[in-house]
1. Please list, in order along segment 241-248, the HN-Hα scalar couplings obtained from phi with the Karplus expression 6.51 cos²θ - 1.76 cosθ + 1.60 (θ = phi - 60°), rounded to whole Hz, x for Gly and Pro.
2. Find how many whole Å separate the alpha carbon centroid of segment 113-178 from the alpha carbon centroid of segment 204-248.
3. Across segment 197-210, in residue order, what do the Karplus-derived ³J(HN,Hα) couplings come to in whole Hz, using 6.51 cos²θ - 1.76 cosθ + 1.60 with θ = phi - 60° and x for Gly and Pro?
4. Residue by residue through segment 31-37, what is 3J(HN,Hα) from phi via Karplus (6.51 cos²θ - 1.76 cosθ + 1.60, θ = phi - 60°)? Round to whole Hz and write x for glycine and proline.
5. Could you compute the net charge surrounding Gly256? Neighbours are other residues with a C-beta less than 10 Å from the C-beta of Gly256; K and R count +1, D and E count -1.
6. Say R0 is 22 Å: what FRET efficiency, to the nearest 0.05, do Arg181 and Lys246 get from their beta-carbon distance?
7. Would you compute, from DSSP H runs of 4+ residues alone, the mean residue ellipticity of the chain at 222 nm, taking -39500 (n - 2.57) per run and dividing by the full residue count, rounded to the nearest 500?
8. Take the alpha carbon atoms of segment 184-201, find their center, do the same for segment 265-292, and report the distance between the two centers in whole angstrom.
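Taken together, the values in this text are just the output of simple stated rules run on the coordinates, not laboratory data. Remember, it's a predicted structure, so these values are computed and weren't measured experimentally. Note that we place each Cβ from the backbone using ideal geometry, even for glycine, and neighbour counts take in every protein chain shown.
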Amino acid sequence: MIKESDWHQRYRQPPRKKRRRRGCLSRLLSTVLVLAVLVGWFWWQQNGLSSETLSVPAAPDGFAGYRVAVISDLHAKEFGQDNERLLDYVQDLEPDLIAVVGDLIHAPEQMDMVPPVARGLAAIAPTYYVTGNHEWAAKVVGELEPLLEECGVRVLSNDYVMLEQGGDVIALLGAEDSNGRADQKTVEELADQVRREQGEVYQLLLSHRNNHYEEYAQARVDLTLAGHAHGGLIRLPGTDGLVGPKREILPHYTAGLYDLSYGQMVVSRGLGNQFPCFRLFNRPDVPLVVLS
């Protein structure tokens, strides 16, 4: 028979150890640190400006080394007050020309952000603009284009200008987005007009849509600068992005330099988005095109 005193000694529960507060505090701090890193990384993906230098051959000798910064799909996003951070970034690229290829804003109430950006870009280098689909959808083109001109930005509305450097010339063409007027010129008609009036000169086209590459090749344009696809939003290895501008899966021609059946095309990943889109492995992009 087990005595009560022996039973207590044999079967009693060992005293519970008090959890150390230090261990809890350490785990809490580690969790907060991991969350802070993830939030910071996500912010950087949306706001950390990046640029890739793309060398494009076959331009006239006088334009060898000519630098073009491509601004696309800003969508009224602001990188610092009045986009000062964006303007400083573009200035550091030392462009000879700035090409704004559409979707500067996507709503009428965003017009107030246009003058600081337009004046800032025009102060850096000659700046040219063509519309994107969102300006037409927002019905602001009639107000936006004169405002840009007042701020020193040249609007190319199915028109072209001749650029001269080092004794050579190239034609800079600007196509209104296809969301525009139903009876507007096609890219091919504009390119043919240049050939009639200027002869067989090198043609550099500004046009918003990356997915009209067959139209650019058919028009026999030498180089097209475009945007529209936002880099496919989420860029994973082996893909050209996961989501296209029409919400298609695994789009093509969304970022960088592409050889077409005639000529080449550079596509910017763009700078902003229209909510609720977000970017992953696809930071805001200001490509620098260098003619060679």
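1. x, 9, 10, x, x, 9, 6, 6
2. 19 Å
3. Using θ = phi - 60°, the values come out as 8, 10, x, 7, 9, 5, 10, 10, 9, 9, 8, 5, 8, 6 Hz.
4. Per-residue couplings from phi come out as 5, 4, 5, 4, 5, 5, 5 Hz.
5. Details: positive: Arg269; negative: Glu52, Asp240, Asp285.
Residues close to Gly256 contribute a combined charge of -2.
6. Values: r = 22 Å, r/R0 = 0.99.
The pair Arg181/Lys246 has a calculated efficiency of 0.50.
7. Working: 8 runs with 88 residues, N = 292.
Mean residue ellipticity at 222 nm (helix-derived): -9000 deg cm²/dmol.
8. Rounded to whole Å, the Cα centres lie 28 Å apart.
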